[in-house]
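What follows is calculated from the coordinates using simple rules that are stated; it is not laboratory data. Since we're looking at a predicted model, the values are computed, not measured. No Cβ is skipped: glycine too gets one built from the backbone with ideal geometry, and neighbour counts run over all protein chains shown.
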Amino acid sequence: MSRTIIALDFSNKEQVLEFLRQFDEPVYVKIGMELTYACGLDIVKEVKNMGHKIFLDLKLHDIPNTVKGGMKNLAKLGVDIVNCHCAGGIEMMKAAKQGILEGTPEGQQPAKLIGVTVLTSTSKESMNEELGIPGEVIDTVIHYAKNAKEAGLDGVVCSVHEAKAIHEACGDDFLTVTPGIRLAGNSVDDQKRVATPEFAKEQGCDMIVVGRSITKSEDPKATYKAIEEVME
């Protein structure tokens, strides 16, 4: 299974289809808010019908009953990974898991549910001063990860820098999905806690999410394969 998830950070369906036509085999992709809000959930069905695996990155965060209902509907799409915010609390995460189990069609594998810990665009300063959460970022991330495991989630979204500590706290089978991946020399853009694929592998990350380093590459297919070789 691919350990590299390509972030389809495009603004319309035509750009997505043009990009995916460059690949002659199924890949793992992330569909997030930008693309979903532009195209609706039909884009999920279309990409899935092409044979690709999908991480649907909509970060649900609401009262437990609302999140349960949302996840119940998303489960019908047949995606492979979905997520919610750990900040919603244990009961909300349990409701999200229940929604997936109830909404998954019979005979179909339920999507893995992972919790968003602290966004990779969040620095210690903004977490302390703007969000009012004291301490180090990693302390909050580990706390959220433990809550996610208690709630029955399959893993979390975290930065590369926290993956090793999460596995130590929650076990090797607890999935770590890590965005904020950039190739050496690439711009970090709006991310704060970033790393290269080589460092991600060293830290024991299970799956990495790579966007602009692949989608804006001169040869996206070759770049993707090179990253996959690093992560093997």
With helices defined as uninterrupted DSSP H runs, which ones in the chain have an alpha carbon span along their own long axis of at least 18 Å and mean Kyte-Doolittle hydropathy of at least -1.0? 90-103, 137-150
Counting each DSSP H run of 4 or more residues in the chain as -39500 (n - 2.57), what helix-only mean residue ellipticity at 222 nm follows after dividing by all residues, to the nearest 500 deg cm²/dmol? -12500 deg cm²/dmol
What number comes out for the charge environment of THR140, summing +1 per Lys or Arg and -1 per Asp or Glu over other residues with Cβ under 12 Å away? -1
Tell me, what HN-Hα J-couplings in whole Hz come from the Karplus equation 6.51 cos²θ - 1.76 cosθ + 1.60 at θ = phi - 60° for each residue of region 128-135, using x for Gly and Pro? 6, 8, 8, 8, x, 9, x, x
Check: region 28-71 dipole with +1 on Lys, Arg Cβ and -1 on Asp, Glu Cβ, in debye: 180 debye
Entries of LYS97/LYS149; LYS94/LYS201; LYS30/LYS124; LYS53/LYS221; LYS97/LYS225 with Cα pairs more than 21 Å apart: LYS94/LYS201; LYS30/LYS124; LYS97/LYS225
Within the chain: Cβ-based charge dipole about Cα centre, in debye rounded to nearest 20 (Lys, Arg +1; Asp, Glu -1): 440 debye
I'd like to compare 28-35, 203-210, 222-229: which one has the highest average count of other Cβ atoms within 10 Å, and what's the full order after that? 203-210, 28-35, 222-229
Amide hydrogen neighbours beyond the local backbone of ILE54, cut-off 5 Å, H modeled: VAL29, ASP80, ILE81
Apply the Karplus curve 6.51 cos²θ - 1.76 cosθ + 1.60, θ = phi - 60°, to the phi angles in region 55-63 and return the couplings in whole Hz, x for Gly and Pro. 9, 8, 9, 10, 6, 4, 7, 6, 5
